[in-house]
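Following: one structure in C-alpha cells, then a few remarks.
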Amino acid sequence: MDRTTPSFPTDALRVEPWEDPIVERLGHDPRSAYVETFWLSILGPSTVWLLRRLVGGLEAEPQGFDLDLVACAASLGLGNRAGKHGPFARSLVRACQFGAARPAGPAAIQVRRRLAPLTRSHVARLPDWLQAEHARWLEAAACPAPAPSVEQADALAATLVRAGEGIDLVEQRLVGWGVPTVLAADAASRAWGASRHPSRLQPAQLRPV
C-alpha cells in the first residue's frame with residue numbers, strides 16, 4: 001500500500017477511469033457482495049460508499065466527469081464541506097492508499113471501476129470469522145457452479161429490473177453471478193424490454209432452449 005498522502009482541492013475534482021485490464025477482469029464491482037463483505041472492513045464504509053458513487057458516475061460518463069466535492073460530501077453524510085482534513089478528504093486519501101484510486105494531477109483523480117481481490121495481508125487484517133468466510137469464498141470461486149440456464153438468467157434479470165437496476169448494471173450483475181456474457185446481455189435486454197411492454201411474450205418462450 002502506498003503510504004503517501006495525496007492532497008486534493010476542496011471544491012471540485014476531475015474523476016477519470018483507471019484503466020487496468022487485469023483488475024478489470026479479476027476484480028469486483030464496488031457495489032458487489034464481495035466488496036461489501038470483505039473490503040468494507042478494510043476501506044471503511046465512507047470510502048466504500050464514495051467509490052460506489054464514483055463508479056456510478058463513470059458508468060454514466062465513461063470518459064470522466066467533474067465532481068462537486070462539497071455536494072458529494074453532503075450527499076454521503078460527510079458534512080457540508082470538503083475541507084482538506086475533513087472526513088470526505090480522508091475517504092479520498094484512503095481510496096488512494098489502498099489502490100482503489102490514484103491522483104492524476106493537482107485537481108484530478110483516476111478511479112478503479114473494479115477492486116482487486118484482497119491480498120493475503122489484507123485478509124490477515126479481517127476478523128477470524130471473516131477470514132474463514134473469505135477462505136470459503138475462494139474455495140467456491142475455484143469450483144464454480146454450472147452456468148445458469150436461459151430461464152434462470154431471465155428470472156434473475158427480471159428481478160433486477162423490477163428492483164430498478166439499469167440494463168447495463170443488470171448485465172454486469174448477471175455476468176458476476178456466472179451467467180455467460182452473451183446470455184447475460186440477451187436476458188438483460190429481454191427483461192428491460194418486458195418492463196416497457198409487460199404484455200409482450202419473452203423471446204425465450206418462443207424458441208427452444
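Within the set of pairs 6+ apart or on separate chains, which have a first residue in the range 121-132 that is open to solvent by 40 Å² or more (accessible area, probe 1.4 Å), a second that is among the hydroxyl-bearing types (Ser, Thr, Tyr) and assigned to a helix (DSSP H, G or I), and C-beta atoms under 9 Å apart?
Within 9 Å, the pairs are ARG125/SER41; PRO127/SER41.
Quick one: which residue in ALA194, ALA184, ALA188 is open to solvent by less than 80 Å² (accessible area, probe 1.4 Å), more than 22 Å from VAL35 (Cα to Cα) and under 19 Å from the mean Cα position of the chain (by Cα)?
Values: ALA194 fails: under 19 Å from the mean Cα position of the chain (by Cα); ALA184 fails: more than 22 Å from VAL35 (Cα to Cα).
Only one candidate qualifies: ALA188.
For ASP20, which of the numbered conditions (1) at pLDDT 90 or above; (2) closer than 19 Å to GLY176 by Cβ; (3) more than 14 Å from the chain's Cα centre (by Cα) fails to hold?
Tallying (1) at pLDDT 90 or above; (2) closer than 19 Å to GLY176 by Cβ; (3) more than 14 Å from the chain's Cα centre (by Cα), ASP20 fails exactly one: (1).
Hey, could you check the range 17-38 for residues that are open to solvent by less than 50 Å² (accessible area, probe 1.4 Å) and of a type in the set (Ser, Thr, Tyr) and say which is farthest from GLU171 (Cα to Cα)?
For the range 17-38, the residue satisfying everything is TYR34.
Can SER41 be described as open to solvent by 20 Å² or more (accessible area, probe 1.4 Å) and either touching a Gly at 6+ places or on another chain (Cβ under 9 Å) or assigned to a helix (DSSP H, G or I) (or both)? Walk me through how you get there before you give the answer.
Values: open to solvent by 20 Å² or more (accessible area, probe 1.4 Å): yes; either touching a Gly at 6+ places or on another chain (Cβ under 9 Å) or assigned to a helix (DSSP H, G or I) (or both): yes.
Yes.
Does ASP168 count as closer than 25 Å to ARG25 by Cβ and charged (D, E, K, R)? Spell out how you get there, then give the answer.
Numbers: closer than 25 Å to ARG25 by Cβ: yes; charged (D, E, K, R): yes.
Yes.
Got a sec? Which of ARG52, ARG14, ARG102 is part of a helix (DSSP H, G or I) and either among the charged types (D, E, K, R) or loosely packed, with under 15 Cβ neighbours inside 10 Å (or both)?
Numbers: ARG14 fails: part of a helix (DSSP H, G or I); ARG102 fails: part of a helix (DSSP H, G or I).
Answer to the selection: ARG52.
Could you tell me whether any residue of the range 136-157 is open to solvent by less than 70 Å² (accessible area, probe 1.4 Å), without any contact (Cβ under 8 Å) to a residue 60 or more places away in the chain and within 24 Å of LEU58 (Cβ to Cβ)? Lay out the reasoning, then the answer.
Let us first name the residues in the range 136-157 that are open to solvent by less than 70 Å² (accessible area, probe 1.4 Å), namely 140-141, 147-150, 153-157.
If we keep only those that are without any contact (Cβ under 8 Å) to a residue 60 or more places away in the chain as well, we get 140-141, 147-148, 150, 153-157.
If we keep only those that are within 24 Å of LEU58 (Cβ to Cβ) too, we end up with 157.
Yes; the residues of the range 136-157 include at least one that is open to solvent by less than 70 Å² (accessible area, probe 1.4 Å), without any contact (Cβ under 8 Å) to a residue 60 or more places away in the chain and within 24 Å of LEU58 (Cβ to Cβ).
Can you tell me which residue among LEU169, LEU138 is out of contact with any Cys (no Cβ under 9 Å at 6 or more places or on another chain), of a type outside the set (Gly, Ala, Ser) and within 24 Å of VAL15 (Cβ to Cβ)?
On the way: LEU138 fails: within 24 Å of VAL15 (Cβ to Cβ).
Only one candidate qualifies: LEU169.
Among the residues of the range 144-155, are any among the β-branched types (Val, Ile, Thr), farther than 18 Å from SER41 by Cα and out of contact with any strand residue (DSSP E or B) (no Cβ under 9 Å at 6 or more places or on another chain)? Talk me through it step by step, then tell me what you get.
The first filter runs over the range 144-155 and keeps only residues among the β-branched types (Val, Ile, Thr), leaving 150.
Add one more test, that the residue is farther than 18 Å from SER41 by Cα, and what stays is 150.
From what's left, out of contact with any strand residue (DSSP E or B) (no Cβ under 9 Å at 6 or more places or on another chain): 150.
Yes, that holds for at least one residue.
Give the number of residues within the range 146-178 that are among the small types (Gly, Ala, Ser) and not in a helix (DSSP H, G or I).
Taking the range 146-178 as the starting set, the residues that turn out to be among the small types (Gly, Ala, Ser) are 147, 149, 153, 155, 157-158, 163-164, 166, 176, 178.
Keeping just the survivors that are not in a helix (DSSP H, G or I) gives 147, 149, 163-164, 166, 178.
Residues meeting the conditions: 6.
Given the condition in a helix (DSSP H, G or I) and open to solvent by less than 70 Å² (accessible area, probe 1.4 Å), answer yes or no: does some residue in the range 111-119 qualify?
There is no residue in the range 111-119 that is in a helix (DSSP H, G or I) and open to solvent by less than 70 Å² (accessible area, probe 1.4 Å).
Restricting to the range 103-146, what's the tally of residues that are of a type outside the set (A, V, I, L, M, F, W, C) and closer than 15 Å to VAL48 by Cα?
First, pick out the residues of the range 103-146 that are of a type outside the set (A, V, I, L, M, F, W, C): 103, 105-106, 110, 112-114, 117, 119-122, 125, 127-128, 131, 133-134, 136, 139, 144, 146.
Then drop every residue that is not closer than 15 Å to VAL48 by Cα, which leaves 112-114, 117.
Going through the range 103-146 one residue at a time, the tally reaches 4.
The values are calculated or read from the model by the stated rules, or taken from the named source; none is laboratory data. This structure is a prediction, so every number in the text was calculated from the model and none was measured. Note: ideal-geometry Cβ built from the backbone for every residue, glycine included; neighbour counts use all protein chains shown. Side chains included, ligands, DNA and RNA excluded: accessible areas come from the protein's heavy atoms. Shrake-Rupley method; radii C 1.70, N 1.55, O 1.52, S 1.80 Å.
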